[in-house]
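Structure first, then comments.
The values are calculated or read from the model by the stated rules, or taken from the named source; none is laboratory data. Please read all numbers here as calculations on a predicted model, not as lab measurements. Don't worry about glycine lacking a Cβ; one is built from the backbone with ideal geometry, like all the others, and counts go over all protein chains shown. The protein model used for the area step is the full one, side chains on, heavy atoms only, and it has no ligands, DNA or RNA in it. Shrake-Rupley method; radii C 1.70, N 1.55, O 1.52, S 1.80 Å.
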Amino acid sequence: MEVALKQQKRRASYWSAAWGRFKKNKMAVVGLIYIIIIIIVSIFTPWIAPYPYDEPHYAHTFEKPSAKFWWGTDDLGRCMFSRNLYAMRNALLIGFGSQIVVLIIGVIIGSIAGFRGGRVDTILMRITDIMYAFPTFLFNVILVTVMGRGLFTILVAVGVTGWAGMARLVRGMVMYLKHADFVEAARALGSKEGYIIRKYILPNMLGPIIVSLAFGIPNGIWIESGLALIGMGVRPPMPSWGNMIGAGIGYIMAFPHMVIFPVLTFALTLLAFTYVGDGLRDALNPRSEV
Amino acid sequence: MGLVKYILRRLFTIFVSLIAVIIITYILMWIAPGEFFNIAQFQASAGKVATLTPEQLQVLIKGFEEKYGLNVPLWKQILNYLKDAFRFKFGPSFSNPNEPIEVQIARRFPVTLTLAILSMTLAVIVGIPLGIIAALKRNTWIDYISMFFSMIGSIIPAYTIGVIMVIIFSVYLRVLPTSGWETPKQMIMPVICVALGPMAVIARFMRSSLLDVLNQDYIRTAYSKGGTDRAVIIRHALRNSLIPIVTIIGPQLAFLFTGTVWIENLFRVPGLGQLFVNAASMRDYPLLVTSTFILSLSVMLMNLLVDIIYAFLDPRIKYE
Amino acid sequence: MPELLLVKNLRKYFPRGRKLLRAVDNVSFSIDPGETLGLVGESGSGKSTLGRTVLRLLEPNDGEIIFDGIDIRRLKGDDLRQIRMFMQIIFQDPLASLNPHMTIGQAIEDPLIIHNIGTKEQRRRAVMELLDIVGIGREFIDSFPHEFSGGQQQRVGIARALALNPKFIVCDEPVSSLDVSIGAQIVSLLYELKRQFKLSYLFISHDLAVVKYLSDKVAVMYLGTFVELAPKEELYGNPLHPYTRALLASVPKMPKNGGRQRKFPALKGEIPSSVDLPSGCRFQSRCEYVMDICRREEPIFREVSPGHFVSCHLV
Amino acid sequence: MAELLKVNNLRTYFYRNEGVVKAVDGISYKLDYGETLGIVGESGSGKTVSVLSLLGLIRRNGRVEGGEAIFDGKDLLKLSKEELREIRGKDISIIFQDPMTSLNPIMRIGIQIMEPLIWHRLLSDKDARDRAIELLRVVGIPEYKTRFLDYPFQFSGGMRQRVMIAMALACNPKLVIADEPTTALDVTIRAQILNLMHEMKEKLNMSIIFITHDITLAMNFCDTIIVMYAGKIVEYSSIEKFIKNPLHPYSQGLLNSTLDIEKKEGSLRPIPGNPPNLINPPEGCRFHPRCSYVQEICKEKEPELREIEEKHKVACHLVKGGNLNA
């Protein structure tokens, strides 16, 4: 990526200019590096993890961190480090996966509302407004109760309840863009609607959508752990930060390491995504370039 | 008068959305894999039925269906539920057949409401001044520190903060109890945990809103008229910057009730959130529908209250 | 010579709740090839809506638009897109009129791509020539609009409009967001282009002086309708409608040797809303000569001398 | 006539990431009681900053770097924050450009007019209220008694500008600064506001600094004119002298760029090029890259503002003996 950018230096593209602004934000860069590392780790988790996530070592229950078990063991003597890696993998899967669902629903509803306008718009936006101010976590729980507690169903449940912000964003942009002067100009030039959408509307929507997704991923991770905490997340023994924290709470007085490690990795991951989101927002914000 | 019309319109919206919530929840229950109620669980709760013949079981199930009004088509069930709901009668739950749901709700609702109101109050009375101070002292260490903590508070979930607080205050310092909801001391940690997220969001939003307002032309006008910093900030900047804050309090309320669900479980607070989670884990559908209904209703009514405050803050609303 | 553009009884309404906002209400005019019609009006007069409706960027509610003998209201799909090669638009806010994701080269080339004209090589040469014409250095071909000043951005907008060799360009307040010296450059450029390429403009502006400089004839718009339309010299020399007179009187003139003006004969009141139009003459609420008939009957837009149309009971 | 304000060598810089913007770079002028001074320039010429600097009303990243501004015997630039506040709104008030954004949207306009009276402890609440109502009547707001309690969004642009004027006049200031007061308004409304301002000036005998980009307007409305370019004064003259004999090539260019109803077709002679970047302004005369008379000396030496004749100063090397010798 770096090399390609250097070659294009004379012709600074819109995106490389944004990358230039992103690079200036140190926290965002650190966050991005962290995220790239955990994504790679997650892909290769089965080969990296020292033990399977569900392998008990009954002789080593509640062990403090050691050379054998880097982050200690839990009540069944399972390796906390390995379990954390798998929890991270699940969290990323749900974080990214749920945002794909959010993207699909949000873009469809938002663009229909924005392009059609009128009564369709009013109805869709009423629904969106209700979703926006509704404790959607309740629906998450109900959906998971109904559909079961698999990774995929959780991911869908998080996505199905989390699209209101995206729909609003897309609608707002469509409303603005479809009458923006440069789109009118393209129309006056005689371009087909498909061409206008492809070359004029979509490129201008991409930035804000990416930013919204960047903030949505930690939110998805967050909800997944929240579900797991109250026993509505992935089925044990599959680990999740939520159920690890939930399980560790009971032993918090005697064995705080069972809680501290998941809490820290969890918090770091959320922080990293949020810093990257902040960086993207500043880099892609059209106002910051004027 | 514009305001009354505005409130009536909002009440109507609430009414429609509540009906939508009930219908959606009901339909979801109905399409759930397995039966509307779980035979195995029913058998377990009835205990002795394991020995019954299939015919006797059928009779029992029939009685069960009658008791819970499941012997009619779905649309009629929903209609019956709606009729009952507006008389505040919800019938018995699966898990506790002898106590009507409304009794359980009536016992637990005050707990959750207290938790929610205390937390929101805390979030507002700390979050807003924090945001104001950060904005007025922008780009100083006060600003950086308060915004760093706000960032943490707004992204780390309430329950994680709860765990950290338990480690600090119960495990190491041993000053606060880990659970319960009887004494004020037991309430401290749950309230703070639920409040932290919304507090952080409010502080961040308040800061950017105030900074935005301070850059407006009318602030310059106020200074040009000879206003002191105090007069300009209090009379012109603050009220204007509070208007966008009110708009985010709605979503924050939803967020806050989500927080109560976790925190009640974490700290074993006997509120609605706990009831809701129990209902979900035991697949107690009547209880699940009703607790969803009550929680949604609370959020919506509080939202309405927020909107009325909004209309008072911003005169433009009343005239539109 | 047949007209290039003939507009008859054009109407464009927008719904406002249960009422209608009559942005353009029964407007008729014609523009000959190479002729420029100036369109003057205050904000809310509907002049920009008229410009966009003529191009069918907004769908008219009623009326005819005949361009080069073709009724463009009947055109659909590809036919409409084809005719758009000949009618273009330049906008008020030059930055907003350019896609932030396209370089200025791409922006100017885009019309040629849309209509599938030339090879890549030919198109690039055409872009270079257009840059020369509007006075932007060729080295800027790969710059982005936001790297430019307002005047340069407007030049790009003009180059894009010229790319397809149009016969007619709607200029929607092209200089009102620019500084005086830069605006003068753009006016001067538009003037040269008009002579060089025999262009017709519909030149929309609130600035009477700019309109006078560029136009052959001028229309004055008030609350969605024309109150006066006349050849330039006639309109500025012999204005008939009270509104036109008031507009002309309220413009400060360059003082010559001590002839300064400190009081301006001002119209009373403000433009009413075009949602609740009064019956009778639309200008009655601000007219100092208002009579009974003005309140009862809407005046007809009629020709009082060759080419000079006015709608006023007093004339 | 007695002197009300004397500005000497004022410099205001803005500190941006890209560098220091020398928005106002050493300007001097004076203003008499009852005089109307027009400051004309294009955006970025420093015309607004040069005046707002005096009252400490520039944006956060800007700073007055030097100079003095003697108003009524006191140097405004050396006053404490509180002393300056005492002057703002009472002795010097401002009418801003955009009446849509310059009024607090959620405060009743009557209260906004009362504020300067109360802040400067001139009147009691009750008297301030009566005075505000009277002011609304004076500036020509119909039904002024009931409109006292209305909010800005219930007024049209022209009416809001009248409210702004009422606010500026509340304390009978000695000096009113009008920052493009008519730019955001329609032609016919503009005429109304100009007439109102003229009427007020006659009645109250105050001094006005009229900031505008419209040189025609300034030439009609003012007694004295300052033409600014890139943070500097290029010409400073009484209106009579300026009408007869505008000397600086930029003033002439601006006049040639300005369209007038009487302008002949094809007579427009725009100035080529764009205004300079004020982080690195051109050496020598800041106008030299766009000047059609440019000579070697213009590129090297910065011209001083010299008195060519009485009440007529020009900053140009090429002006000699009351003429532009090119």
Problem set entry | the stretch B:83-117: trypsin sites (Lys or Arg not before Pro) in DSSP coil with no more than 14 other Cβ atoms inside 10 Å | B:ARG87, B:LYS89
For this session: Treating cross-link reach as a plain straight distance, find the lysines whose alpha-carbon is under 18 Å from the alpha-carbon of D:LYS264, omitting any fewer than eight places away in the same chain.
Result: C:LYS194, C:LYS212, C:LYS217, C:LYS232, C:LYS253, C:LYS256
Problem set entry | Reachable aspartates and glutamates from A:LYS26, criterion Cα separation under 14 angstrom, eight or more residues apart if same chain | A:ASP278, A:ASP282
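How big is the dipole moment of chain C about its Cα centre under a simple scheme where the beta carbon of each Lys and Arg is +1, that of each Asp and Glu is -1, and everything else is neutral? Debye, nearest 20, please.
Result for chain C is approximately 560 debye, rounded to the nearest 20.
Stretched out fully, how many nm does the piece from B:LEU301 to B:ASN98 gain, at 0.36 nm a residue minus the Cα gap?
70.1 nm is the gain from fully extending B:LEU301 to B:ASN98.
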Exercise. Residues with amide H under 5 Å of C:LEU21's amide H, sequence separation 5 or more or different chain, H placed in the peptide plane at 1.01 Å from N; which?
Worked result: C:PHE14, C:ARG16
Exercise. Using helices alone, what [θ] at 222 nm do you get for the protein assembly as shown, with -39,500 (n - 2.57) per DSSP H run of 4 or more residues, divided over all residues and rounded to the nearest 500?
Worked result: -16000 deg cm²/dmol
Problem set entry | Note, ³J(HN,Hα) from phi for the stretch C:137-150, Karplus 6.51, -1.76, 1.60, rounded to Hz, x at Gly and Pro | x, 4, 5, 8, 4, 9, 7, 9, x, 5, 7, 9, 7, x
For this session: For D:SER292 and D:SER156, compute 0.36 nm times the residue count separating them, minus their Cα-Cα distance, and round to one decimal in nm.
Result: 44.5 nm
Exercise. So if we plug the beta-carbon distance of B:LYS89 and B:ILE125 into 1/(1 + (r/R0)^6) with R0 = 45 Å, what FRET efficiency do we get, rounded to 0.05?
Worked result: 0.75
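Sort C:LYS263, D:LYS126, B:LYS76 by heavy-atom solvent-accessible area, probe 1.4 angstrom, most to least. Don't skip to the answer; put the middle values down first.
Numbers: C:LYS263 110, D:LYS126 130, B:LYS76 85 Å².
Largest accessible area first, the residues go D:LYS126, C:LYS263, B:LYS76.
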Problem set entry | Cys residues of chain C counted as unpaired, since no other Cys beta-carbon is under 4.7 Å | C:CYS171, C:CYS287, C:CYS312
Seminar exercise, completed: Once A:TYR58, A:TYR200, D:TYR13, A:TYR251 are ranked on solvent-accessible area with the largest value leading and a 1.4 Å probe, the list reads A:TYR58, A:TYR251, D:TYR13, A:TYR200
Seminar exercise, completed: Chains A and B: accessible area buried, summed over both chains, 1.4 Å probe, nearest 100 Å², reads 3700
Seminar exercise, completed: Computed over chain A: longest principal axis from alpha-carbon atoms vs helix A:26-43 long axis, angle to nearest 10 degrees, is 60
Exercise. Between chains D and C, what is the buried accessible area summed over both chains (1.4 Å probe, protein heavy atoms, nearest 100 Å²)?
Worked result: 4200
For this session: If a/c stays under 1.5 just call it rounded; otherwise compare a/b with b/c (prolate if a/b is bigger, oblate if not). Do that for chain A, with a ≥ b ≥ c from the square roots of the Cα gyration tensor eigenvalues.
Result: oblate
Exercise. Relative to the longest principal axis of chain D, what angle (0 to 90°, nearest 10) does the C-alpha long axis of helix D:187-204 take?
Worked result: 80
Seminar exercise, completed: Restricting to lysines and to Cα separations under 17 Å from D:LYS203, and discarding same-chain partners fewer than 8 apart, the set is C:LYS263, D:LYS174
Problem set entry | Simple spin-label estimate for D:SER43 and B:VAL4 in nanometres, 7 Å along Cα-Cβ | 4.9
Problem set entry | Length added when fully stretched, A:ALA59-A:ILE127, from 0.36 nm per residue minus Cα-Cα | 19.0 nm
For this session: May I ask you to derive the relative contact order of chain B, considering only C-alpha pairs under 8 Å and at least 6 residues apart, and to give it as an integer percent?
Result: 24
Problem set entry | For the stretch A:159-239, the Rg and Dmax computed from alpha carbons only, in angstrom | 18.9, 61
Problem set entry | For the stretch B:164-181 versus the stretch C:60-95, the gap between their alpha-carbon centres in whole angstrom | 73
For this session: Using only alpha carbon pairs under 8 Å that are at least six residues apart, calculate the relative contact order of the stretch A:1-133 and give it in whole percent.
Result: 14
Exercise. Roughly speaking, to the nearest percent, how much of the protein assembly as shown's 1.4 Å accessible area is carbon and sulfur?
Worked result: 58
Exercise. Can you give the % of DSSP beta bridges in the stretch C:5-310 that are antiparallel, to the nearest 5?
Worked result: 60
Exercise. If you project the alpha carbons of the stretch C:5-310 onto the principal axes, what extent comes out on each, in Å, largest first?
Worked result: 68, 55, 40
Problem set entry | Inter-chain shielding of B:257-267 (mean C-beta neighbours from other protein chains, 10 Å cut-off) | 4
For this session: Provide the per-residue ³J(HN,Hα) series for the stretch A:260-266, in order, calculated from phi with Karplus coefficients 6.51, -1.76, 1.60 and θ = phi - 60°, each as a whole number of Hz, with x at glycine and proline positions.
Result: 4, 5, x, 4, 5, 5, 4
For this session: May I ask you to derive the FRET efficiency for C:ILE293 and D:MET100 from their Cβ-Cβ distance with R0 = 35 Å, giving the value to the nearest 0.05?
Result: 0.40
Exercise. Could you give the distance between the Cα centres of the stretch A:193-227 and the stretch D:48-92, to the whole Å?
Worked result: 48
Problem set entry | Residue-averaged beta-carbon neighbours from other chains (10 angstrom radius) around D:281-290 | 0
Exercise. Going from most exposed to least, what order do D:GLU307, A:GLU224 have by accessible area with a 1.4 Å probe?
Worked result: D:GLU307, A:GLU224
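Normalised by the residues of the stretch C:5-310, what does the relative contact order come to in percent, with Cα pairs under 8 Å and at least six apart?
It rounds to 22 percent for the stretch C:5-310.
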For this session: With all protein chains present, calculate the accessible area of D:ASP260 using a 1.4 Å probe and round the result to the nearest 10 Å².
Result: 10
Seminar exercise, completed: In Å², rounded to a whole number, the accessible area per residue of the protein assembly as shown with probe 1.4 Å is 42
For this session: Could you pull the accessible area for B:TYR172 with a 1.4 Å probe, rounded to 10 Å²?
Result: 150
Seminar exercise, completed: Tilt, helix A:14-24 to longest principal axis of chain A (alpha-carbon atoms), in degrees rounded to tens, equals 40
Exercise. Using 7 Å Cα-to-Cβ label points, what is the C:LYS263/C:ASP276 separation (nm, one decimal)?
Worked result: 3.3
Exercise. How much of C:PHE14 can a 1.4 Å solvent probe reach, expressed as accessible area in Å² and rounded to 10?
Worked result: 50
Problem set entry | Förster radius 25 Å - calculated FRET efficiency between B:ASP143 and B:THR247 (Cβ-Cβ, nearest 0.05) | 0.60
